[in-house]
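What follows is a structure written as structure tokens; I'll ask about it next.
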Amino acid sequence: MAITSSRQPSWKRALRPRLVLLVFVNVLTILAFLAWRERYVTKESLLQMMDERLKAVFSPDREVSTAADSVPSNFTGRATFASMICMEGDFIPVRTLVHSLQQTETNADIVVVVMMPLDDEKRDQLTKLGAKLVDTEPIKVEIDESQTSAAEKQLEKEATDKDKSEDPKRRRMCRSNAIQAWRLTQWDRVLYMHPEMLAVGNIDDVFQEPPFTATLELGGIVDDSIMLVEPNMDIYSELKRAMINTAHLPHDVGFLNYFFKDIHPLNPVYNVKAKYQALDYSRYVFGNARVFNYEGTMKPWNFWYQGPKNWRQSFHEDMIYQWRKADYSAREKLGLDKDLLEWRPKRGSKEVCEDYLAHKLDIPEKIMDKYSVLLATHSLRRQATLPFVIKQFLMSPKVDKIFVIWHDKNQPVSKNIRDLVNEAQGSVIILNQTVDSLNNRFNPVKELRTAAVLISDDDVWTPIDDIDMAFESWQRQPDSLVGFAPRVDCYDPSSETIKYCWPFRMKPPRYSIMLTKLMFMDSNFLFLWRCGLPDNILKYVDDLVNCEDIAMNFLISGVTSRPPFHIMSEEVYDFGLDGGISSNPAHFKVRGKCVQEITDLFGRNTLLSVQGSVHRYSETDFKSTTWEDFLNVLKEKEANGEQLEVVDVMSPEDIVQNDI
């Protein structure tokens, strides 16, 4: 008879305490991670830590050298800036970066590492701007998806949805090729710069820093957007081997920190990002900025059709305008935009934007519980009705200021308007224009201090209570245009073009465009319109003297990915049909052509349609009735042509009979 021992084998007894210890360690790790996340992952704590890092490493009193200054150093070797073109979308920002570096009168070379097919025209442009091209194959790395956060994946998905040419995996693979800087052994020092950067001051002094120098993120982690390196093929080979074997990329947390123990921190003024505006040290950083970094932010070359989800946090006026100005300068040097060279000095945006940036109100936050009114007027015969419209807005306690855009520079403001301005005691301001252009109605206003702005014609009236209700609706959805006059874009299969249509003719009725007759929007879009959009869009509106409202709808939907919102009002009077732009019989046909041409100018149709509307509350009419009477109502509706799914209804007697 076999004897069975109840004792467990010795290996099981030895394993038990190890398992208990392993579980205990894992629990502690999870608790520690939760505590870490609670401490660091919130936006506020991240910004606080960044602020603490700046305070610890840098001082506002630290001097930042100017272009004329020189930093004492023994380095006299060959130096070069380096960036790369790895995707088609890199060309325009890299071209502007190269030109911005040349404008600083740098003494260093400028190298562009090309890792994709690039046609002769683009190569010639880069060469004319002073770049040296180095062709090479990109390092191909199998991307470890576990190293990509859920938030980053979501942002990549949104970018791909907006631009089908965007390949997130290739973008991350391209980012890893920053280590190509170590291959440029023809130079003694290389300052690598991410393609999405812009030099706004001379930065040759960085070459006097000791390699390896880079800006640091939270916890001292290296930010590979800008790095001073000493080219070395052995280091390059080690970095490449580590990338391929571990599927980690240089911008992964701690990757470059592992290789370089002695990291010299670079002042953040050489890597200024829009998110820094939330820091206590923002005045110092932006006031001394040498390099702007547009990575992960409102990119000045495509924000109008590919705006980021957090566009407000990544929106910075000076960063956008500085890039746009450098881009125009580069294009003019290359002989591009010949049709705009004459238009820009006379009707362009430089004077408007620079005056605004120099004199705008310095306020920490815009007022949220009031709105400003931008009231456009032009015709002399409207001066009789204009005081009536102005007084209508003055009735609302929610109106902060009324800005009257006086388009006609040859027609002086009439006495009745001047008297009204004096009576309003600062609540009404006349904005005289130097040129007559529809673009003027979207000029940024340096005296404006509210987050919301109501764009209004001078020939429209609706009860002020309805306008205030529209403002309340905008407050709940500030990314949308909110107004009273909707239209819709529609596809014409016969011509294979996009047209301009009436919402009620759609099945079901819908709309995607809000007219500027009465329309609320975020006041930041005034700046984006005039100082951010390419000039060819503004010139198109200028030449056509029409369609500025359609283009503004394209802009806002493209940035926010939000449709407009319609407000129902029982009384909206348009008394400008005798001589206004829309009174022309060909107006609707012109508007239809506009939708297609603006689609081409923007690069894609950004308009989004919606069906819902908002109207003032009224009691819902609940009707008490029997089931039989309700069926009679349905049959009557069906007889009147309404499409209803009226099912055959069984009587209680039939139900009982079927159950039996």
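Based on the Cβ-Cβ distance of Trp502 and Asp369, what FRET efficiency does E = 1/(1 + (r/R0)^6) give at R0 = 51 Å, to the nearest 0.05?
0.90
Ok, one more. Among the listed pairs Lys273/Lys446; Lys325/Lys360; Lys275/Lys360; Lys273/Lys370; Lys517/Lys539; Lys507/Lys637, give every one whose C-alpha distance is greater than 26 Å.
Lys273/Lys370, as the Cα separations exceed 26 Å there.
Additional query: Hey, rough spin-label estimate for Trp627 and Glu105, points 7 angstrom out along Cα→Cβ, what's it come to in nanometres?
9.1 nm
Here's something else I'd like to know. On full extension of the chain, what length is gained from Lys446 through Glu121, given 0.36 nm per residue of separation minus the C-alpha to C-alpha distance?
Gain in length upon complete extension: 112.9 nm.
Between Lys398 and Lys338, what length comes free when the chain is fully extended (0.36 nm per residue of separation minus the Cα-Cα distance, one decimal in nm)?
Difference between extended and current length: 17.0 nm.
Mind checking the full-extension length gain between Asp465 and Val590? Use 0.36 nm per residue of separation minus the Cα-Cα distance, one decimal, nm.
That works out to 41.6 nm of additional length.
What FRET efficiency comes out for the pair Glu137/Asp234, r = Cβ-Cβ distance, R0 = 22 Å, nearest 0.05?
Here the calculated transfer efficiency is 0.65.
Does anything in the range 508-539 have its amide N under 15 Å from the 7 Å Cα→Cβ label point of Glu354, and if so which residues?
Residues 531 qualify, since their backbone N sits under 15 Å from the label point.
So for the pair Phe259, Glu619, with labels modelled 7 Å out along Cα→Cβ, what separation do we get in nm?
The two pseudo-label positions are separated by 7.6 nm.
Same structure, new question: Roughly how many Å² is the accessible area per residue of the range 169-235, as a whole number, for a 1.4 Å probe?
So the range 169-235 comes to 28 Å² accessible per residue, rounded to a whole number.
For the pair Asn536 and Thr76, how long in nm is the line joining their label points, each one 7 Å along Cα→Cβ?
4.9 nm
By average Cβ neighbour count within 10 Å, what is the ranking of 278-289, 331-342 from highest down?
Those peptides, ordered most packed to least, come out 278-289, 331-342.
Calculate the length of the line joining the C-alpha centroid of the range 209-247 to that of the range 536-565, in whole Å.
Rounded to whole Å, the Cα centres lie 43 Å apart.
The values are calculated or read from the model by the stated rules, or taken from the named source; none is laboratory data. Bear in mind the structure is a predicted one, so any value in this text is a computation, not a measurement. So basically every Cβ, Gly included, is an ideal-geometry build from the backbone, and we count neighbours across all protein chains shown. We work out accessible area using only protein heavy atoms, side chains counted, and drop any ligands, DNA or RNA first. Shrake-Rupley method; radii C 1.70, N 1.55, O 1.52, S 1.80 Å.
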